[in-house]
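The structure under discussion appears below in the form of structure tokens.
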Amino acid sequence: MIDEEMFCIESFCDIKKAMSLFRNGNHYFFLLSKNYEAYSGIAQRLGDKIVLSDDEIFSVICLTTKKEYSVTSPSMLPPKAKLEIARKMRTEYNASEKQLRRILKLDPGVVKELFGR
């Protein structure tokens, strides 16, 4: 029984339709808490300097390589694609040069030349 002072969530939200937007609970949680693109966009608008851990940068790189190059691992990328990914990670996610060297297995000299140092 619902009291007059309470509301029923089903009257405001079509729960079945909302649940159908996600594959499962893990997918929902991932999008809620690990949406790096949204996190990055918000931080840039606020003027914050985004700092992601190696694991977070690695996740973003893996998602990007799968989406843009249909490759499951960054190590499978050709050298030119690695440089494009490095530029994108540096500008959009503020990845450090050291992170990019470690994750993409790039030569330190190449990274310095890429970012003009």
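The values are calculated or read from the model by the stated rules, or taken from the named source; none is laboratory data. Not measured: the values here are computed from a predicted model. As a convention, Cβ positions derive from the backbone with ideal geometry for all residues, glycine included, and neighbour counts pool all protein chains shown. Heads up: the accessible areas ignore ligands, DNA and RNA and are worked out on the full protein's heavy atoms, side chains in. Shrake-Rupley method; radii C 1.70, N 1.55, O 1.52, S 1.80 Å.
For this structure, a couple of remarks:
- Segment 57-73, residues that are open to solvent by less than 50 Å² (accessible area, probe 1.4 Å) and over 23 Å from Gly116 (Cα atoms): Ser59, Val60, Cys62, Thr64, Thr65, Val71, Ser73
- The residue that is nearest to the chain's Cα centre (by Cα), among those in segment 74-84 that are crowded, with 18+ Cβ neighbours inside 10 Å and over 14 Å from Val111 (Cβ atoms), is Pro74.
- All positions within segment 60-117 that are charged (D, E, K, R) and on the phi > 0 side of the Ramachandran plot: Lys105
- Of all residues in segment 11-67, those being at pLDDT 75 or above and within 11 Å of the chain's Cα centre (by Cα) number 11.
- The residue of segment 85-117 that is most open to solvent (accessible area, probe 1.4 Å), among those that are free of Cβ contacts under 8 Å to residues at least 12 places away in the same chain and farther than 12 Å from Ser53 by Cα, is Glu113.
- Residue among Leu106, Leu114 that alone is at pLDDT below 90 and either within 13 Å of Ile57 (Cα to Cα) or aliphatic (A, V, I, L, M) (or both): Leu114
- Condition check for Met89: closer than 22 Å to Arg45 by Cα and modelled with pLDDT of 90 or more: yes
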